[in-house]
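The values are calculated or read from the model by the stated rules, or taken from the named source; none is laboratory data. Computed from a prediction, not measured in an experiment: that's the story for all the values here. Here the Cβ positions follow ideal geometry from the backbone for every residue, glycine too, while neighbour counts run over all protein chains shown.
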């Protein structure tokens, strides 16, 4: 008897999305701490290119979150994304 469930693409995609959210959350926390440290003269400020890269990453995750919410509205569910949908967040 096999007790291991088959792979679940829906859960996998949702897990990847949540991973991206947590990574950006960590980067935002470091950004805030770095800004406070720079303001207090304890370190050099983040470069503008690093700040723009973080803004781009945040924008990508925000767009994916909006797409995920749209799919949930479209399918009338509060559950994970459907593996059968075509526009899944990356």
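The residue that is farthest from the chain's Cα centre (by Cα), counting only those in segment 23-51 that are part of a helix (DSSP H, G or I) and either exposed (fewer than 11 other Cβ atoms within 10 Å of the Cβ) or touching a residue at least 40 places away in the same chain (Cβ under 8 Å) (or both), is 39.
For residue 73, indicate whether it is modelled with pLDDT under 95, outside any loop (DSSP other than H, G, I, E, B) and surrounded by 13 or more Cβ atoms within 10 Å (Cβ to Cβ). The answer is no for residue 73. If the condition is being free of Cβ contacts under 8 Å to residues at least 40 places away in the same chain and farther than 15 Å from residue 68 by Cα, then segment 1-22 contributes 1, 2, 3, 4, 5, 6, 7, 22.
Restricting to segment 52-69, and then to whatever is more than 13 Å from residue 21 (Cα to Cα) and surrounded by 13 or more Cβ atoms within 10 Å (Cβ to Cβ), can you tell me which residue is modelled with the lowest pLDDT? Even if it seems obvious, please write down each step before you answer.
First, pick out the residues of segment 52-69 that are more than 13 Å from residue 21 (Cα to Cα): 52-53, 55-56, 67, 69.
Remaining after also requiring surrounded by 13 or more Cβ atoms within 10 Å (Cβ to Cβ): 53, 67.
Working: 53: 97, 67: 89.
Restricting to residues being more than 13 Å from residue 21 (Cα to Cα) and surrounded by 13 or more Cβ atoms within 10 Å (Cβ to Cβ), the top hit is 67.
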